[in-house]
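Taking it in order: structure first as structure tokens, then the write-up.
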Amino acid sequence: MGIYTVTYKEWDACVAAGRCRQHPRQSGLWRGDNKPVTFVSWGDVQHYAKWLSEKTEKNYRLPSEAEWEYAVRAGTVTARYWGDEIGIDNANCDGCSSRWDEELAPVGSFKPNPWGLYDTLGNVHQWTADCWHPDYNGAPDDGSAWDESGCRERVVRGGASMTDQRASRADYRVRMSADVTFSLLGFRLARDLE
């Protein structure tokens, strides 16, 4: 699992290679080399993962919803890896009491979880590989993505800046049209082990 969400600097390398598109709204307050890339659709993320996989000769992809939650929890059973309460300066969200609550923070601005992953809760919502299902009845039991052809709605996890702190929980999930792009939606990748 990626230690950080993918940044504008990383995304811009794909744009420069002609493999990713630059969204017209990827500018201004939200932009910065070390800030998480936003305004990316689920399909945009697929282009980025394919480009990175070809460039590095390693297989990068979105994590499944199960992989995402497992990595975010990092062996904990509480609502957040640091405990059940939001606390102070643990994440970037509305009511999280951080200096970044009104804008995106650079990646790595908060303490990592016990497994060394940064910004798993708050800052930007994160795409997962799964199609949206209202519950887990019928979900794969091996941690793989619950995918199907023609899927138009995907699962987004993690909460975000300017989003209520209730969204910054390991179990919080949202359905999102795969075509949506907006200022608080980004991603992190997983890499298959050889």
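The values are calculated or read from the model by the stated rules, or taken from the named source; none is laboratory data. Since we're looking at a predicted model, the values are computed, not measured. In this analysis, Cβ positions are derived from the backbone assuming ideal geometry, glycine residues included, and neighbour counts consider all displayed protein chains.
Only residues that are more than 24 Å from Thr78 (Cβ to Cβ), modelled with pLDDT under 95 and not in a loop (DSSP other than H, G, I, E, B) were counted across region 149-191, and they come to 0.
Taking region 53-94 only, how many residues are surrounded by 17 or more Cβ atoms within 10 Å (Cβ to Cβ), of a type outside the set (Phe, Trp, Tyr) and closer than 10 Å to Ala170 by Cα?
Matching residues across region 53-94 total 6.
Check Ala105, Ala129, Ala160, Ala170 and return the single one that is closer than 19 Å to Arg31 by Cβ, in contact with a Lys or Arg (Cβ under 8 Å, 6 or more places away or on another chain) and not β-branched (Val, Ile, Thr).
Values: Ala129 fails: closer than 19 Å to Arg31 by Cβ; Ala160 fails: in contact with a Lys or Arg (Cβ under 8 Å, 6 or more places away or on another chain); Ala170 fails: closer than 19 Å to Arg31 by Cβ.
Exactly one residue qualifies, and that residue is Ala105.
Taking the numbered list (1) over 18 Å from the mean Cα position of the chain (by Cα); (2) in contact (Cβ under 8 Å) with a residue 12 or more places away in the chain; (3) closer than 23 Å to Leu185 by Cβ; (4) surrounded by fewer than 17 Cβ atoms within 10 Å (Cβ to Cβ) in turn, Gly108 passes all entries but (1).
What about Tyr70, is it out of contact with any strand residue (DSSP E or B) (no Cβ under 6 Å at 6 or more places or on another chain), over 21 Å from Tyr136 (Cα atoms) and either hydroxyl-bearing (Ser, Thr, Tyr) or free of Cβ contacts under 8 Å to residues at least 24 places away in the same chain (or both)? Talk me through it step by step, then tell me what you get.
Values: out of contact with any strand residue (DSSP E or B) (no Cβ under 6 Å at 6 or more places or on another chain): yes; over 21 Å from Tyr136 (Cα atoms): no; either hydroxyl-bearing (Ser, Thr, Tyr) or free of Cβ contacts under 8 Å to residues at least 24 places away in the same chain (or both): yes.
Considered against the rule, which asks whether it is out of contact with any strand residue (DSSP E or B) (no Cβ under 6 Å at 6 or more places or on another chain), over 21 Å from Tyr136 (Cα atoms) and either hydroxyl-bearing (Ser, Thr, Tyr) or free of Cβ contacts under 8 Å to residues at least 24 places away in the same chain (or both), Tyr70 comes out as no.
Considering only residues in region 22-80 that are assigned to a loop (DSSP other than H, G, I, E, B) and among the charged types (D, E, K, R), the one that is nearest to the chain's Cα centre (by Cα) turns out to be Lys35. Applying a threshold of 7 Å to beta carbon distances and a minimum spacing of six or more residues, or different chains, the list of pairs starting in region 31-51 at a residue that is under 10 Å from Ala178 (Cβ atoms) and ending at one that is aromatic (Phe, Trp, Tyr) and at pLDDT 95 or above reads Trp42/Trp127; Val45/Trp127; Val45/Phe187. The residue pairs whose first member lies in region 1-18 and is under 12 Å from Val40 (Cα atoms), whose second member is of a type in the set (Gly, Ala, Ser) and outside any loop (DSSP other than H, G, I, E, B), and whose beta carbons are closer than 8 Å, counting only pairs six or more residues apart or on different chains, are Val6/Gly186. The set of residues in region 124-181 that are in contact with a strand residue (DSSP E or B) (Cβ under 6 Å, 6 or more places away or on another chain), more than 22 Å from Ser41 (Cβ to Cβ) and of a type in the set (Asp, Glu) contains only Asp164.
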